[in-house]
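Structure, as structure tokens:
The values are calculated or read from the model by the stated rules, or taken from the named source; none is laboratory data. Please read these numbers as outputs of a predicted model, since none were measured by experiment. Here the Cβ positions follow ideal geometry from the backbone for every residue, glycine too, while neighbour counts run over all protein chains shown. What goes into the accessible areas is simple: the full protein's heavy atoms, side chains included, and nothing from ligands, DNA or RNA. Shrake-Rupley method; radii C 1.70, N 1.55, O 1.52, S 1.80 Å.
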Amino acid sequence: MIVAAVRATVRGTVGLVTSAGRLIKLNVLELPAMPPGAGAVSLAGGTPVTEFASFDRGETVVGLAAPDGPGGGLALGTAEGVVKRVLPDYPQNRDEFELITLKAGDRVVGAVQLSGESDELVFITSDAQLLRYAASSVRPQGRAAGGMAGVRLASGASVVWFGAADAGAASGTPSGPPGSYSPAVVVTVAGSAGALPGTGAASVKVTPLHEYPGKGRATGGVRCHRFLKGEDMLVMAWAGPAPAVAATDTGAPVQLPDPVGKRDGSGTAIGRPIAVLGGSARVV
């Protein structure tokens, strides 16, 4: 399962973006390499990220950046609904630095390297609202800035996932060379706020992203999951190219249902607790 990916060269660098809004540079040469093959990527030969960088208590990696990469820059989304776009004008003589000034209690929940301003930014909130709009509606800011309003949140709600999708895949329009097109899908997992992890009622739904109309920045979005009895929030979500994949906390795969066209329908029962959602990838 691949949660985040960026293009890099063997002698280049990649950046870890953390929930505290930091970017930590890593040299690609120092990272373990996966052997090329025709099958799915195996992460069995990987090394914990804590071997390469130090993190504060509760700080996690939320995305990857290409410090030297072109495109539309890096987009960040926070739990309190703030969005920020930072162009790759990073200090060359520092291995780590701040990307955003966060308000007290806020945290970055997602970071994505944009291929261009036409990419669609996507917010998914705990009360099952989805909002998407073009990255061009977010003007780039300097690293010290605090971002701008990205999604309007209802009282008590927070952002559970933030990311981006190719504009063609998000709209359901085939694009790219033959055989490379993969439409974007949305995966939502509903549960109970008061339940212990893995013990509450939970359902999952997969829906094509183009079923959700685009709206303006800082609006409230549209409903993306109807809660069943015993459910009162989204505990997890993800959007990206199909096919989506899921796994338990031990890495065991979890079968996801086929995509459905009803954007605000309810989900189907989960056979085992889902700990992580992402996309599939191959080494080429």
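General remarks:
- Electrostatic tally near residue 190: other residues with Cβ closer than 15 Å to its Cβ, Lys and Arg +1, Asp and Glu -1, net +2.
- Eligible aspartates and glutamates near residue 205 by straight Cα distance, threshold 19 Å, same-chain separation 8 or greater: 127, 231, 232, 258, 264
- Among the protein heavy atoms of the chain, carbon and sulfur supply 53% of the accessible surface, probe 1.4 Å, non-protein parts ignored.
- Normalised per residue, the accessible area of the chain is 49 Å², obtained with a 1.4 Å probe and no contribution from ligands, DNA or RNA.
- Of all lysines in the structure, the ones whose alpha carbon falls short of 17 Å from that of residue 84, not counting any fewer than 8 places away in one chain, are 103.
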